[in-house]
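The structure appears right after this line, and notes come after that.
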Amino acid sequence: MDHEKDISGVEYGEFDDESVVEKSEPQGCWGSFTGCIGGMWATRQMTSSKDREIYVRTTLRELVVYVVFLIILCILTFGMTSSTMFYYTNVMEGLFLDKPYNDTRNTLRGSSQMLDFWRFCEYILLESMYWEYWYDDALTPTIDNNILFQNRLLGAPRFRQLRVRDDSCVVHENFKAAIKQCYDVYSEGIEDTKPFGPGNSSEWLYHTSDELDGNTHWAKLTTYSGAGSIKDLSTLKRNATNDIAHLRNNRWIDRATRAVFLDFTVYNANVNLFCVVKIVFEFPATGGLIPSWSFRTVKLLRYVTVMDYFIMACEFIFVFFIIYYMVEELIEIKHNGCAYFRSVWNMLDLLVIVISIICIAFSIFRYITVQDKIKGLLEDDEMNRYANFEFLGYWQTRYNDMVAVCVFFAWIKIFKYISFNKTMTQLSSTLSRCAKDVAGFAIMFFIVFFAFAQLGYLLFGTQVHDFRTFGDSVFTLLRTILGDFNFHEIESANRILGPIFFLSYVFFVFFVLLNMFLAIINDTYSEVKAEIALQKNEFEIADYFKRGYNNMMGKLGRRDRLVDLENALKLSDANADGVLTFDELRNNLKNHILASLSQKLTALTLTCRCNFSDMEIEMCFARYDTDGDRVIGENEKRAMLADIEGRRLELDQEIKKDGPESRPVTAKGAEAAVVAGAISEEEFQQLQRRVDRMEGSIGSIVNKIDAVLVKLDTMEKTKGKRRENMSKFLDSMAEDGGKRTLGSSSTVQSELPGAPSDTIKRSQRLSKGVRMQSIKRGRKRTRAKAKHAAKDSSKVRVRVRLEELSEKLFTIWTKTHDGSRSPVVSCVSVISACFKMNVDCLRLLTLNTNLPSVRVRQIGGQKPEAFWER
């Protein structure tokens, strides 16, 4: 192809005749816009998997975008939590839960009777909540009257009591005379709503949940409503002490009490954290006390520091990502229809999007609500009112839980983008294939498991803590599978049935049923591994990165042709028929780097060469096409890849053997090393000048020798024809002369029977001389033909010699004319070989007119004129 230029002025004539130029149909603005939008949301489900490279490129783009989304999500997650929250919670729990009472060594964790409630209120609560003195008994200022000197109490602490009616249960007839009152287990329907006690203040009156803006609470025994009788303590220790004494003296808690709640909130400005505390005292119908608690350390004020504002920016980016993925899922639903909902990965995508939308909505709601709460709290100068942060603390905890679940599923979703790799598909393929078998066997497993759980609950539920409920029994048996069990407790509860229960459970469930699950999964995994080993090698994401790296190294003159060949074997099957033809392999080896140039043309795609010559491709194909059908099958392709891998290992071993010091780092370093190792700079200049002179004169020499050879051939042909005609003429004359002589002698003898014998002898000698001359001429013709044949044989030997030397020069040229050496160094190597082969090489180079042109076209795709110019 001659050098031409397109409208943009870019030369593309340097590509040879095999370069491919594709032009797409011109599109309008709307077509370009829709194409751009479609490219932004193109996914693997909308891309044909037959074109493996496009499929991998689309997957890689999806993976990169999703990794950015995952990084943003992790930044948000770790921005709202930290290890400081744990230490803050631990300090507050130690202050209220682990501090012993003044008259006993018991703590709130071990409290079990009603008296322990008053011990907690009169000592632990007052001492831990009101810090009026420093460690040296100096009085603290009111502004520093904080818990542990660091945590500000927001508002007043609040007690809330729930009671039941005295007729809430039915007494047996035999005991009605002795027992007049009966207080049932708590339920919302039997709450006591009547006033009680000596006065009409709030602690003696019933308030509904709406009046208190309360919420239900799930404690250890049951779920309690947000109603009840309330008492807000004073923010001063002296007044709070009097309030507690007043409640105790007037029997604020009695037989009707079923639960007492203590709620308060503290704020630490040093770390910008809230701690919403709820301590629950449950008084069951059996008597006694069951304490429980919750310390919710949350970050409600989100935007304070510079890091917080960075988190806010990430939140906006997160919102944009959710919008992006919403549009993507809508496009996929439109493209795939009902088939979209049959994919587990698509359902996981929808789950992540829904959870993210809920988190975004709650984040906005939390920000508005917290601002209103803080504003209302600050309007009370003395902060004597109760600040209800329970709702925010609870839903902030639920928000953290939703974010944690969202992050979990977001990480699991990564398998969606890496599952196309054969190695990565082992887990998903194994689980999906054995799902039915596992589900079928799980039914049998859980039948036996729940039978043991119910048996344990009925046998030990009244005596062993771990079996007190059916749910606890289930989790206890699950822990037993993991080795966490207490054999002595069940043995103490039942010395006969306890060991029998334990041994039978361990044998049937642990040794038999549980190992059946492992056997099913292991068998399926073996099948998947075997199938993966037999699968054909496809173009994977690792190959995509190898190709990109190889292209980059090619620009630096260090291209790895083994990588090109390996990728060509995986990508050349254009029609996806499982076999590789010569044309498919050739097109991929010679043309695979796509570069787009667009100026005034709508689209112009140029396909660049891979530096493989036709002879190399033909030799490579012929070597592995064992059956000669011009098609490389799966076994032949596998053998080819194995040889490539073996060659790569050999090269790596050679590189390790040579050591890093013997390898040049760059192409320039390689060129300098070659030149420095061969000749000096002065000798190089002399050789270059001689090469220039030789290249300048070799063209005319070739033309002259061509003309001489043509003339010699013409003369040889003319001489041959003349000799042939002369020999035919002489042969005909000899035959005619012999016939006439024989005829005349016989006639003379017949006519002159009395003629003398000497006359007859002369006639015979004359005939014999003619025959001898004819024989001599025949011998001369034979010698001439032999000489001519010898000349032809010599010419054939010369041409054979020419072919051998040309092949040697061509081999030297191809070895030196690669990406790691410049054309000048290649010329030096060729000329050095010429001097080694002496003048015969130069003469043979000039004798053949066709071979140099052929070789030049195979070296770089240039014409002979360009070769001689170089």
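The values are calculated or read from the model by the stated rules, or taken from the named source; none is laboratory data. Fair warning: this is a prediction, and the values are worked out from it, not measured in the lab. Neighbour counts are summed over all protein chains in view; Cβ atoms, including those assigned to glycine, are modelled from backbone coordinates with ideal geometry.
Okay, here's what the table says:
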item: Residue count for the stretch 284-311, restricted to those that are surrounded by fewer than 14 Cβ atoms within 10 Å (Cβ to Cβ) and among the aliphatic types (A, V, I, L, M); result: 3
item: Filter result (touching a helix residue (DSSP H, G or I) at 6+ places or on another chain (Cβ under 6 Å), without any contact (Cβ under 8 Å) to a residue 24 or more places away in the chain and not polar (S, T, N, Q)) within the stretch 96-111; result: Tyr101
item: Residue match in the stretch 151-162 (condition: of a type outside the set (Lys, Arg), at pLDDT below 90 and over 20 Å from Val276 (Cβ atoms)); result: no
item: Test for Phe441: is it free of Cβ contacts under 8 Å to residues at least 60 places away in the same chain and surrounded by fewer than 17 Cβ atoms within 10 Å (Cβ to Cβ); result: no
item: Test: residue in the stretch 184-194 that is modelled with pLDDT under 90, of a type outside the set (S, T, N, Q), part of a strand (DSSP E or B) and assigned by TED's automatic domain parsing to the domain that holds His246; result: no
item: Which listed residue, of Phe460, Phe487, Phe508, is closer than 30 Å to Leu427 by Cβ and of a type in the set (Phe, Trp, Tyr); result: Phe508
item: Only one of Phe274, Phe281, Phe261 that is buried (at least 19 other Cβ atoms within 10 Å of the Cβ), in contact with a His (Cβ under 8 Å, 6 or more places away or on another chain) and either not hydrophobic (A, V, I, L, M, F, W, C) or not in a loop (DSSP other than H, G, I, E, B) (or both); result: Phe261
item: Residue match in the stretch 103-114 (condition: within 16 Å of Leu153 (Cα to Cα) and not small (Gly, Ala, Ser)); result: no
item: Any hit, the stretch 113-125, residues being at pLDDT 90 or above, assigned to a loop (DSSP other than H, G, I, E, B) and assigned by TED's automatic domain parsing to the domain that holds Asp254; result: yes
item: Matching residues, the stretch 326-341, being of a type in the set (A, V, I, L, M) and either without any contact (Cβ under 8 Å) to a residue 60 or more places away in the chain or not in a helix (DSSP H, G or I) (or both); result: Met326, Leu330, Ile333, Ala339
item: Residue ID - modelled with the lowest pLDDT, chosen from residues in the stretch 319-346 that are within 22 Å of Ile72 (Cα to Cα) and hydrophobic (A, V, I, L, M, F, W, C); result: Trp345
